[in-house]
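Input: a single structure, listed below in structure tokens.
The values are calculated or read from the model by the stated rules, or taken from the named source; none is laboratory data. Remember, it's a predicted structure, so these values are computed and weren't measured experimentally. Counting neighbours? That spans all protein chains shown, and the Cβs are built from the backbone with ideal geometry, glycine included.
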Amino acid sequence: MSECQKLKKMKKITRIIYTLAFAMMVSVTAVSQGIDQERMDRDLKIAENILSTLSNNDRNIFSLSRSIESNYIPDYGVIFSLPQSTLVYTSRSEGGVTVVAPSPPRPPKAPRSGGSGSSTSSYSYVIADSDDSDSNVKIIGAEEFTEKTKELLEENMTTFLVDYADLIGQLKPTDRILINVKNSKNQVWVSSGNLSAKQSTGRTAEILKSDLIAYKQGKSSREETIKKVKFSDRKGETKERDLELFSSIFSRLYESDMSSTYYASSRNINYERLENLGAIFSMRVYSSSEDNGRHTIRTTGESGLTREQRNEKVNAMYPAFEKEFKENMIDYGRTIKSIKPSEMLMFKVRLTECKGCDMPRSIELTVKGSTLSGFDSGKISRDNALKEITVKKTDN
């Protein structure tokens, strides 16, 4: 064999080796980008339980309900949503201290002018031991109470993120783990004398998966990792006009006289705006009403249906509902200008009850801001934009 032939053969072998190596790299990348959803769901349920256990402390400062929600969002990470329950409330009179929990009473009425002048109870906050006996009750002011609850909340979130969040496998180093204490449920009752005011507060905490990896590998100490936890406070809701408009559009679209499938019972579709993520809208849809065991499907006008007939028709509606919902997200989502191309629009929809049906119990639909702006500018066709919507179906 001549030197020239040998050289050609070596080049051919080299090309084959490079081709195989490249194919292996592509294969490994594809596997690394894939998510085992069943495993992810299991990890999130365990994480929810840990966070709930940490949050329901025995110091009676506050309590978080067990209805913690978690979501894995590709190219972002995981969000835990915590609906905070009402804080401890107390009434103090001459007879001592009475703890009223978990719900506060209605704000006390101011005495009428020219009244009998009889004394009324003043209201404040307590930190109490678990037995709630008077000897263990310490009365503190509203401002101090708010600060103490903030400190405890921060402590619990930090413990979870630093010590337990790495139990959520499959996350990329660039993914975030974020805890969001929902504004709508955070009602701190500030009381003074006979007047009460209700203030809305919110708090988030997040950490990058890469920071947890460095900690577990011994490249960063626990103290250094704690400093990587990013906290953010929110007081009241910052309403953006385009998100309010989008909410009103969907509220109208899913009134029973416009929808051809399921409908929403309220004109108020809630949403949250999270920095670097985008907007998360939540709604619940229904399908029928019942009277003496007979069902009426409001959007179609069919009435006198048995439960079996109703379920069959409601179940058959689901594919059309999902298709139409995705179209509405694209057609009207382009009106939202406050969502950045790197952020996303998400809808969490609780579906109508249908026991024994094939349809899911709830769905999450997500589309990137770049898709919405691309469609609005004509750079992306409607069909391609629809394909960019991801749908996650759950049975809980």
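Quick notes on this one:
- In the set (1) farther than 23 Å from Glu69 by Cβ; (2) in contact (Cβ under 8 Å) with a residue 24 or more places away in the chain, the condition left unmet by Pro319 is number (2).
- Residues (among the β-branched types (Val, Ile, Thr) and either modelled with pLDDT under 95 or under 20 Å from the mean Cα position of the chain (by Cα) (or both)) located in the stretch 214-248: Val229, Thr238
- Apart from one condition, Met317 fits all of (1) more than 17 Å from Phe246 (Cβ to Cβ); (2) aliphatic (A, V, I, L, M); (3) at pLDDT below 95; the exception is (3).
- The number of residues in the stretch 331-341 being in a loop (DSSP other than H, G, I, E, B) and in contact (Cβ under 8 Å) with a residue 60 or more places away in the chain comes to 6.
- Candidate set from the stretch 41-67 (those that are among the hydroxyl-bearing types (Ser, Thr, Tyr) and in a helix (DSSP H, G or I)); member that is modelled with the lowest pLDDT: Ser55
- Residues (exposed (fewer than 15 other Cβ atoms within 10 Å of the Cβ) and out of contact with any Leu (no Cβ under 9 Å at 6 or more places or on another chain)) located in the stretch 341-368: Ser342, Arg350, Glu353, Lys355, Gly356, Asp358
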